[in-house]
Amino acid sequence: MPKCKVCGKSFSTLESLEQHHRTVHPKIKYTGPKRELPKHFYTVIFIVIIVAVAAVGVLIYTQLPHHNNNPSILDTPISPAFYGNLTGVSDSTLNSVANVSIEFYPAPINGPPLNKSGLPEILYIGGDFCPFCAGLRWSLAIALLKFGNISGLQYMLSGVNDMNLSTLTFSHISYTSKYISFVAIEAYDRQGNNYQPVGQAESQLWSQYDPAGSIPFLDIANRYILLHSPYDPTILKGLSWEQIYSQLNNKSNPVTQQILAGADAIITAICKVDGQQPASVCSSPYANVNLALFSPSASTLAYAASNPYYQPSIREAKIE
Amino acid sequence: MNKLSVATISLSAFGIIVAIILAYEYVTADFTVCNINSFFSCGAVASSPYSKLFGIPMYVFGLVWFPLIFTLSLAYSSFGKKEINVMVLLPFLLLGDVFTIYLWFDQLALIGKLCPFCITLYIINYILTVFVILSMRQ
């Protein structure tokens, strides 16, 4: 029962005590009786904090990059499991990300038709060290496998100081397809040194559509160009090859969503240049994404301008 | 009126306003107010796949959290007339404070950018916790 600290009178409620104090002892500051907390309050608080810290710890641990790649297998053929996961991306998974937005879509251009051996030519110029090429190659390999077969894909990591991203390299590939031809040049090695020579015809296209000479450079039959990774490649940071390829059919994985949304955009552009062949691919929702989606907001452009790697994308937007 | 109760209610109301502005920027993808430079950039954080947790965009947590704290502080203090109910509010706010450890990690370690409006919300939660602890000492 609360008591008045001044006169000792007892009251049934705190409110009546306070009213008494203010009326009878107005010159003395009312401080009221100290609130009594339940006996186990601090124990409960302690348990709440421990459980919350443990939960957050588990959450952080699951998100931490656990890179367990073995660099000694760089430039060696990717495993059958790796290749199987690239070819095994289901139509249903590709369809599920058809509306997922990515940062950069192939932009339309109006160059003279680019063909090789009578087929529309897809020209890729990149570099093993380049993190944006690392991002693009995942999407591009998956896209190309919808139109033909790739042999000679090898393990690669982007440069040690360029995020060390798990990827594959096109430096020794051979591509066969009834619908398109593919020319891949890795112009720089993992250390950034000159690697594969760029032919005169390819060099001309590269400087025409990308005067800055940045990489990656992807020319889809002179009808579309992509001068960037379709998505932000930093999402690959810390992930091993296996952690990426084993998830390629996991529709809810954010990394998978970005890689495959990039593949969808490239497949759509290829279908537009090869006469919509094969029909089984080009009639699918994933081969009909809206390439006009690339309308960068002011903030994206501001972000791009602040990052030298992103600057080609501004030009890309202007071409469109 | 109890000053600390009123301050807690007011600050959680301010949290609701900031959370709504942040949600509006996410939904409209217009971050003109919140992009200070390439590092302090809500746009860069929002465009990252790590801006979602279990598929839920982070801004949703703010939209749920601050109305919850506002309602609890309002209801358990008789609209600011009485002291805040420490037993109800403190465990909630401490949970929120601990959860911000993950949010800091997410932005600094995974995304590599900071979202100023998000940080404002974390700080509001820290200040609310201080208010409630001060209320215990009264």
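The values are calculated or read from the model by the stated rules, or taken from the named source; none is laboratory data. Note that the structure is a prediction, hence the values are computed from the model and not measured. Don't worry about glycine lacking a Cβ; one is built from the backbone with ideal geometry, like all the others, and counts go over all protein chains shown.
Is at least one residue of segment B:90-99 out of contact with any Phe, Trp or Tyr (no Cβ under 6 Å at 6 or more places or on another chain), surrounded by fewer than 20 Cβ atoms within 10 Å (Cβ to Cβ), at pLDDT below 90 and within 11 Å of chain A (Cβ to nearest Cβ)? There is no residue in segment B:90-99 that is out of contact with any Phe, Trp or Tyr (no Cβ under 6 Å at 6 or more places or on another chain), surrounded by fewer than 20 Cβ atoms within 10 Å (Cβ to Cβ), at pLDDT below 90 and within 11 Å of chain A (Cβ to nearest Cβ).
Number of residues in segment B:115-138 that are farther than 19 Å from residue B:2 by Cα, surrounded by fewer than 18 Cβ atoms within 10 Å (Cβ to Cβ) and of a type in the set (A, V, I, L, M, F, W, C): the value is 2. If residue A:46 meets every condition in (1) at pLDDT below 85; (2) farther than 30 Å from residue A:11 by Cα apart from one, which number is that one? Checking residue A:46 against (1) at pLDDT below 85; (2) farther than 30 Å from residue A:11 by Cα, the one that fails is (1). Here is the figure for segment A:211-266: residues that are within 12 Å of chain B (Cβ to nearest Cβ), in a loop (DSSP other than H, G, I, E, B) and aliphatic (A, V, I, L, M) total 1.
Residues being under 25 Å from residue A:232 (Cβ atoms), at pLDDT 95 or above and part of a loop (DSSP other than H, G, I, E, B): count how many of those fall in segment A:145-172. Looking only at that region, the number is 5.
Residues are listed down the side, and each one gets a yes or a no for (1) among the acidic types (Asp, Glu); (2) touching a Cys at 6+ places or on another chain (Cβ under 8 Å); (3) closer than 25 Å to residue A:62 by Cα:
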{"position": "B:45", "(1), (2), (3)": "no, yes, yes"}
{"position": "B:50", "(1), (2), (3)": "no, no, yes"}
{"position": "B:57", "(1), (2), (3)": "no, no, yes"}
{"position": "B:64", "(1), (2), (3)": "no, no, yes"}
{"position": "B:69", "(1), (2), (3)": "no, no, no"}
{"position": "B:86", "(1), (2), (3)": "no, no, no"}
{"position": "B:99", "(1), (2), (3)": "no, no, yes"}
{"position": "B:112", "(1), (2), (3)": "no, no, yes"}
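Inside segment A:56-80, can you point out the residues that are at pLDDT 90 or above and facing chain B (nearest Cβ under 8 Å)? Of everything in segment A:56-80, just one residue is at pLDDT 90 or above and facing chain B (nearest Cβ under 8 Å), namely A:56.
How do the helices (runs of 4 or more DSSP H) wholly within segment A:1-120 filter down when requiring 3 or more residues that are surrounded by fewer than 12 Cβ atoms within 10 Å (Cβ to Cβ) and hydrophobic (A, V, I, L, M, F, W, C): which remain? Spell out how you get there, then give the answer.
Numbers: elements: A:14-24, A:41-63, A:80-87, A:91-96.
Ranges flagged: A:41-63.
Residues are listed down the side, and each one gets a yes or a no for (1) without any contact (Cβ under 8 Å) to a residue 40 or more places away in the chain; (2) part of a helix (DSSP H, G or I):
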site	(1), (2)
B:18	no, yes
B:22	no, yes
B:32	yes, no
B:43	yes, yes
B:59	no, yes
B:64	yes, yes
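Within segment B:28-50, can you find the residues that are in contact with a Pro (Cβ under 9 Å, 6 or more places away or on another chain), within 27 Å of residue A:257 (Cα to Cα) and not hydroxyl-bearing (Ser, Thr, Tyr)? Hits for segment B:28-50 are B:34, B:35, B:40, B:42, B:46, B:49. Of all residues in segment B:120-138, those being in contact (Cβ under 8 Å) with a residue 12 or more places away in the chain and within 12 Å of the chain's Cα centre (by Cα) number 9.
Take the conditions (1) in contact (Cβ under 8 Å) with a residue 60 or more places away in the chain; (2) polar (S, T, N, Q); (3) closer than 30 Å to residue B:50 by Cα; residue A:208 misses just one of them, which is (3). Applying the condition of being within 7 Å of chain A (Cβ to nearest Cβ) and aromatic (Phe, Trp, Tyr) to segment B:100-113 and asking which residue is farthest from residue B:67 (Cα to Cα) yields B:105. Going by the structure shown, is residue B:88 of a type outside the set (Phe, Trp, Tyr) and more than 17 Å from the chain's Cα centre (by Cα)? Yes: the conditions hold for residue B:88.
When you look at residue B:108, is it free of Cβ contacts under 8 Å to residues at least 12 places away in the same chain and within 18 Å of the chain's Cα centre (by Cα), yes or no? When the stated conditions are applied, residue B:108 passes them. If only residues of segment B:66-89 that are without any contact (Cβ under 8 Å) to a residue 24 or more places away in the chain and part of a helix (DSSP H, G or I) are counted, the one that is nearest to the other protein chains (Cβ to nearest Cβ) is B:87. Is it true that residue A:187 is closer than 17 Å to residue A:78 by Cβ and assigned by TED's automatic domain parsing to the domain that holds residue A:264? No; evaluated as a whole, the condition is false for this residue.
Can we say residue B:41 is closer than 18 Å to residue A:232 by Cα and at pLDDT 85 or above? I'd like the intermediate steps shown before the answer.
Values: closer than 18 Å to residue A:232 by Cα: yes; at pLDDT 85 or above: yes.
Taking the combined requirement at face value, the residue satisfies it.
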